[in-house]
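The values are calculated or read from the model by the stated rules, or taken from the named source; none is laboratory data. Predicted, not measured: the structure shown is a model, and the values here were computed from it. All Cβ positions, glycine included, derive from the backbone under ideal geometry; neighbour counts span all protein chains shown. Accessible surface areas use protein heavy atoms only, side chains included; no ligands, DNA or RNA. Shrake-Rupley method; radii C 1.70, N 1.55, O 1.52, S 1.80 Å.
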Amino acid sequence: MNSFESFLLNSGLSWTSSKVIPYLLMILIGIILVVLLKRILKLKNKPVKIIIQLLFFILPFIIYFISTPIYEGDFSNNSIEINRSDENKELQGKKLVVLSIPGCQYCFAAIGRMKKLKERVPSLEIEYLLCSNDSINNPSYLKWYSDEANNAFDISVAENVEAMSKLAEGVFPTFVLVNNNEPLKKWSNDSFGVVALDELEISIE
């Protein structure tokens, strides 16, 4: 997430709007550049003129896309419902649990999103749950995450590491919405895009 997207989020726009608006703005800037070029350039060679206008039209979009690319899961919202069982009974209350493992760069990168989510929905409890017994023997794994979280939410080790790893299907981070005794709602990292974040905020509010 770049500073422009953060500014839009801080202004109260949705996650989806904050992701889409910058790209639409780049298209608008491209149109303005083409209009200005028509007034400035007096080329008689029509094919060359069209090519130059086309380049200036797409240039702002390309520059922004290079700096802030759109990934496959950015707009996804593919959740799976998981029935309650003895295996996942440690997931209690009403919160968003991020299943992670030590040294996972994607889990670490997701902390920024979770901190922003917590800012926008202070009532939402978020917990990072490490699915590895190594985290017990090596506190540095917990510290790696907790330093980045900076007390925005809890970082802990799963009580049943095997069950939580099975719930994540070996894919980390995995996001699990816990709502008391209702079925769990689970997203993989690739399916937890801006649309999912918007839906989550609405359900919490």
Mind checking which strands (runs of 3 or more DSSP E) fall wholly inside the range 126-205 and carry at least 2 residues that are open to solvent by 20 Å² or more (accessible area, probe 1.4 Å) and at pLDDT below 95?
154-157
How many residues of the range 48-62 are β-branched (Val, Ile, Thr) and over 23 Å from Ile21 (Cβ atoms)? The answer is 4
Restricting to the range 121-161, name every residue that is among the charged types (D, E, K, R), under 22 Å from Asp190 (Cβ atoms) and touching a helix residue (DSSP H, G or I) at 6+ places or on another chain (Cβ under 8 Å).
Glu148
Residue pairs meeting the criteria (Cβ under 7 Å; at least 6 apart or on separate chains; first free of Cβ contacts under 8 Å to residues at least 40 places away in the same chain, in the range 42-66; second among the small types (Gly, Ala, Ser) and open to solvent by less than 100 Å² (accessible area, probe 1.4 Å)):
Phe56/Gly30; Phe57/Gly30; Ile58/Gly30; Leu59/Gly30; Pro60/Gly30; Phe61/Gly30
Could you figure out which of (1) part of a loop (DSSP other than H, G, I, E, B); (2) touching a strand residue (DSSP E or B) at 6+ places or on another chain (Cβ under 7 Å); (3) open to solvent by 80 Å² or more (accessible area, probe 1.4 Å) isn't true of Glu81?
(1)
Quick one: which of Glu169, Glu199, Glu148 is closer than 23 Å to Asp86 by Cβ and of a type outside the set (A, V, I, L, M, F, W, C)?
Glu169
Looking at Phe75, Phe65, Phe108, can you tell me which residue is under 27 Å from Ser17 (Cβ atoms) and touching a helix residue (DSSP H, G or I) at 6+ places or on another chain (Cβ under 6 Å)?
Phe75
What are the pairs with Cβ atoms under 7 angstrom where one residue, in the range 138-155, is touching a residue at least 40 places away in the same chain (Cβ under 8 Å) and the other, located anywhere, is of a type in the set (Ser, Thr, Tyr)? Sequence gap at least six, or different chains.
Tyr145/Tyr128
Please work out which one of (1) in contact with a strand residue (DSSP E or B) (Cβ under 6 Å, 6 or more places away or on another chain); (2) surrounded by fewer than 18 Cβ atoms within 10 Å (Cβ to Cβ); (3) not in a helix (DSSP H, G or I) is the condition Leu99 fails and give its number.
(2)
For the range 102-117 the number of residues that are open to solvent by 50 Å² or more (accessible area, probe 1.4 Å) and either outside any helix (DSSP H, G or I) or basic (Lys, Arg) (or both) is 2
